[in-house]
Structure formats: C-alpha cells, structure tokens
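What follows is one structure encoded as structure tokens, with my remarks underneath.
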Amino acid sequence: MALLEVRLGDVYRLKKPHPCGSAEWRVVRLGADIGLRCLGCQHRILLERRLFERRAVSLVARGADAPPQ
C-alpha cells in the first residue's frame, strides 16, 4: 500500500462532502493527525493519517510552499 505524500497547503477532495457542500480541504497541520480546513466554510477538523488516506479521493492542488517537481 503506497502512502500519500501529504504536504502543508495541499488541497484534497474527500469522498463525502462537508455539510456546507464543499468536498475540498486544505492541509493545515501534519503529524500523526492531519489538520484540514474546509474550503467552503473554513471549518477545521483533525483526522488520523490512516483515516485521511482512506477518505482522500484525489489531490486537487499542490501547496504553495511545496518544492517544484
């Protein structure tokens, strides 16, 4: 199983949309838990890394502080 290369500032689309209607989230914290901020209403949540990797559908945009590839 390949691990996601998650970086600060990345925008991911998750399987289920937030109650506000947005399914896109920006990564704001890294560690054992991944901190996410909803791009629709700015609500913050923490997900365990394992749970985040199961719920992430796609990478929408790489964060601005990410080194070029």
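A few notes on this one:
- Residue count for region 30-54 satisfying the condition of being modelled with pLDDT under 95 and of a type in the set (K, R): 3.
- For region 5-49, a residue qualifies if it is within 18 Å of V60 (Cα to Cα), among the hydrophobic types (A, V, I, L, M, F, W, C) and assigned to a strand (DSSP E or B), and the qualifying residues are V11, L14, W25, V27, V28, I34, L36, C38.
- Residues satisfying the stated conditions in region 50-68, i.e. in contact (Cβ under 8 Å) with a residue 40 or more places away in the chain and part of a loop (DSSP other than H, G, I, E, B): R62, G63, A64, D65, A66
The values are calculated or read from the model by the stated rules, or taken from the named source; none is laboratory data. What you see is a predicted model, and the numbers here were worked out from it, not measured in a lab. Neighbour counts are summed over all protein chains in view; Cβ atoms, including those assigned to glycine, are modelled from backbone coordinates with ideal geometry.
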